[in-house]
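For reference, the structure discussed in these notes is given below.
The values are calculated or read from the model by the stated rules, or taken from the named source; none is laboratory data. Only a predicted model underlies this, so the values are computations on that prediction, with no experimental measurement involved. Cβ coordinates were reconstructed from backbone atoms using ideal geometry, including for glycine residues, and neighbour counts include every protein chain displayed. All accessible areas refer to the heavy atoms of the entire protein, side chains included, with ligands and DNA or RNA removed. Shrake-Rupley method; radii C 1.70, N 1.55, O 1.52, S 1.80 Å.
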Amino acid sequence: MGDILVIGSGLAGLTAARVLTQAGRRVRVLEAGQEVGGRVQSRTVDGFTLDAGYQVLFPAYPALRRHADLDALDLVTVPPAGVVRRGRRADVLGDPLRDPASLPSTLSTRALGLGDKLRVARLAARLRVPPPHALLAGPDETTEDYLRRQGFSDRALDHFFRPFFGGIFLQRDLSASARLFRYYFRMLMDGGAALPRAGIGALTRQLAQGLEVTAGVRVTRLTAHGSHVTAATSAGDLDARQVIVATDAQSAQALTGEPVSRGRLGSSYLYYAAPRPLDPQPRLLLNAEAGLINNAQWTSRLIPERAPAGQELLTVTVLHESLPGLPDLDDASLDARVRVELSQWYGEGVRELRTLHTEHIGFAQFPQPPEYAATLPGHATALPGVLLASEVTSMSSVQGAMESGEKAAAILLGDLAGMSRPRGA
Ligand SMILES: Cc1cc2nc3c(=O)[nH]c(=O)nc-3n(C[C@H](O)[C@H](O)[C@H](O)COP(=O)(O)OP(=O)(O)OC[C@H]3O[C@@H](n4cnc5c(N)ncnc54)[C@H](O)[C@@H]3O)c2cc1C
C-alpha cells in the first residue's frame, strides 16, 4: 500500500507533494492529463513557445519564493503598467519609479490625468505599509467601488484598471474583491511581474523534478475504509494511507462530495507569428476600447527565445465575459473578429500575421466577488484520510494554489507553524 497519494499535478498538488517528500514521506502523484502542470503549462508550436493562456508570475508571492528556485527560472521582468491602446493611439503608461525609461511618455500621456497619477502614488504609499497578507483582511467591496472611493476617474478605470486588472481577474468589470485587488497591487509593487524565459510551464516542470508523477491516469472515485483509502483510477484501483485531492474544484467536488465548486471564469488566447513586429513594444498592450481583445503582448519583443530566429510572436487575450457566444464560435470566426480589432491598431500590417494556435480555457479561475473568502472551504473532507488542496481554499492564483498545497501537507504532517500561516503570507 502506498503512503500518500496526491491527485492532480497543478501547483497545489506539486507543492503538497514536494513538502511531503522533503519531510521523508513516500508520495505518488496521479495526473489525469497527458502533461504535468495543470493550468501552468507551455507547448511548442512550429518552433514558438506558447504558454497555455497568458499569465504572469508575481515573484513577490511568498509561497512561490518558498518553493520555487526563481533564479533557475531565469525570470524576465514584464515592463510595468503597459501601453493604453485606443485604435491607432498608443500611450505608454509606465511606472517611473520602476521603469525610468517610461518617464517622458508617462508624464505626457493623456491616458491618465495628473489627478489620477497622484491617486496612484497615494494608493501605493498606503498599500506599502501593512504586511501583504493583512491586505486580505478588513472591509470588502468591489474593486470598482474601492477605486471610486479613492477618487479615480472613469478615464483611469477604463484606460488602465479595467484592461490591466481584467487580465489578472479575467473580469474587466472590476467586480472582484477589493481585498484581492489590494493584495495583487502590493505584490506588483514588491516584485513586479515576470515570465520564465523558457515558458510559464518551466515553473511546474521545476516543481515536479524528483517527484513520482504519473500522467494520463484519472482518479474516478475515492472510498475511505478508515485505515486507508482506495482510489479507483483509469489504470485500476490503488490503495493509499492518505490522499490529497489537488484537482480543480469541479473534480474535487465530484471526488469528495464537498460543495467546493465556486463557478468558472474562462478566457481564450490567440497566438500569431509575424515576420516583423508590428509594434516595437515589449510592454503589455491594454485595450481601452470596447471589444474582444482585453490585452495583448508581442511576447518575442520581451523574450526573443519564444520565437524562432527572424520571427515574432504576438499573444492576444480574449475574456469569455466579452464573448458570451464563444462556445459556439468556431476558431476561424473568432480569429477573423480579433483581426478586425488588430487592424484598428496596425492597419494593413495585420495581413502579415499568421495564426499559430487558439487556446480556449473554459475554467481559468473562479469568480472572487467581495466577501468570497467568508465561504471558502477548509482542507478537511467528510472522507476520513482525504484532504483537499486547491486554490479554492484560498484564492484563484499561483499563491493561492501553492499555499493550499503547502497547508494540506502541513496538516498531514502535524506541522503547527505551517498550519497557522495566514492566507497570502
Ligand atoms: C489563463 C490563466 C491566467 C491566469 N493568470 C494568473 C495570474 O496572472 N496570476 C496568478 O497568480 N494566477 C493566475 N492564474 C491562476 C493560476 O494559474 C491557478 O490558480 C493555479 O494554477 C491553480 O492550480 P491548482 O493546482 O489549484 O489547479 P490546476 O492547475 O487546475 O491543477 C489541477 C490538476 O488536477 C488534474 N485533475 C483533475 N481531475 C483529476 C482526476 N480526477 N484525476 C487526476 N487528475 C485530475 C488536472 O488535470 C490538473 O492538472 C491564471 C490561470 C489561467 C488558466
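A simple spin-label model places the labels of residue 117 and residue 155 1.2 nm from each other, with each point 7 Å out along Cα-to-Cβ. Taking packing as the residue-averaged number of other Cβ atoms within 10 angstrom, the listed peptides 68-74, 184-190 run from highest to lowest as 184-190, 68-74.
Ranked from largest to smallest solvent-accessible area, with a 1.4 Å probe on the protein heavy atoms, 268, 261, 227 come out as 227, 261, 268. Taking all protein chains into account, the per residue accessible area for the range 197-325 stands at 38 Å² (1.4 Å probe).
Fully extending the segment from residue 45 to residue 375 would add 114.7 nm, taking 0.36 nm per residue of separation and subtracting the current Cα-Cα distance.
Springs between Cα atoms under 10 Å define the GNM used for the chain, and in it the highest mean-square fluctuation of 204, 230, 44 occurs at 44. Normalised by residue number, the volume inside the convex hull of the Cα atoms of the chain is 138 Å³ per residue.
Summing charges over all other residues whose Cβ lies under 14 Å from the Cβ of residue 31, with Lys and Arg as +1 and Asp and Glu as -1, gives +1.
When you count the other C-beta atoms within 10 angstrom of each residue and take the mean per peptide, 250-259, 278-287 line up highest first as 278-287, 250-259. Surface composition of the chain: carbon plus sulfur atoms contribute 52% of the solvent-accessible area (1.4 Å probe, protein chains only, all chains present).
In this label model, residue 129 and residue 235 are separated by 5.5 nm, measuring between points 7 Å along each Cα→Cβ vector. Peptides 350-358, 140-148, ordered by how many other C-beta atoms sit within 10 Å of their residues on average, highest first, read 140-148, 350-358. Between residue 309 and residue 336, the C-beta separation translates, for a Förster distance of 45 Å, into a calculated FRET efficiency of about 0.95. Computed from label points 7 Å out along Cα-Cβ, the spacing between residue 71 and residue 352 is 4.0 nm.
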